[in-house]
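Here's the structure, in structure tokens; my notes come after.
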């Protein structure tokens, strides 16, 4: 799965996210956030180069339990998960190189053995 351009209005449960196998980028933000809009092309470019990485784009905001469970305070926030465990986090990434560097931390994007 490559870049997903749509924010999910209905967020998954934390238990479901924790149970995801393999590599996942969990992106928190909103359509009206200027920082999110500005970062979208870089996020898309970086993720399109690794189509085996799952991308979940979740609309965040006050009272949203998933974002609060990850202690998200600024948008966009990218939480990189390997088999449901956080391995890295980017808050307001500035360029595609920074995102690509973070994506290199996945040991096995397809979820298989090293």
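The values are calculated or read from the model by the stated rules, or taken from the named source; none is laboratory data. All values derive from a computational prediction rather than experimental measurement. Note that we place each Cβ from the backbone using ideal geometry, even for glycine, and neighbour counts take in every protein chain shown.
What's the number of the condition residue 86 fails, among (1) surrounded by fewer than 21 Cβ atoms within 10 Å (Cβ to Cβ); (2) free of Cβ contacts under 8 Å to residues at least 60 places away in the same chain; (3) over 22 Å from residue 100 (Cβ atoms)?
Against the list (1) surrounded by fewer than 21 Cβ atoms within 10 Å (Cβ to Cβ); (2) free of Cβ contacts under 8 Å to residues at least 60 places away in the same chain; (3) over 22 Å from residue 100 (Cβ atoms), residue 86 comes up short only on (3).
For segment 90-103, which residues satisfy the criterion of being in a strand (DSSP E or B) and either surrounded by 15 or more Cβ atoms within 10 Å (Cβ to Cβ) or touching a residue at least 40 places away in the same chain (Cβ under 8 Å) (or both)?
Keep residues of segment 90-103 that are in a strand (DSSP E or B), which gives 90-91.
Matches in segment 90-103: 90 only.
Do we find a residue being over 21 Å from residue 87 (Cα atoms) and either exposed (fewer than 14 other Cβ atoms within 10 Å of the Cβ) or modelled with pLDDT of 95 or more (or both) anywhere in segment 23-30?
Residues of segment 23-30 over 21 Å from residue 87 (Cα atoms): 30.
Narrowing further to those that are either exposed (fewer than 14 other Cβ atoms within 10 Å of the Cβ) or modelled with pLDDT of 95 or more (or both): 30.
Yes, that holds for at least one residue.
Looking for whichever is free of Cβ contacts under 8 Å to residues at least 60 places away in the same chain, in contact with a helix residue (DSSP H, G or I) (Cβ under 7 Å, 6 or more places away or on another chain) and either assigned to a helix (DSSP H, G or I) or closer than 18 Å to residue 92 by Cα (or both) here; the options are 26, 56, 47. Which one fits?
Details: 56 fails: in contact with a helix residue (DSSP H, G or I) (Cβ under 7 Å, 6 or more places away or on another chain); 47 fails: in contact with a helix residue (DSSP H, G or I) (Cβ under 7 Å, 6 or more places away or on another chain).
The match here is 26.
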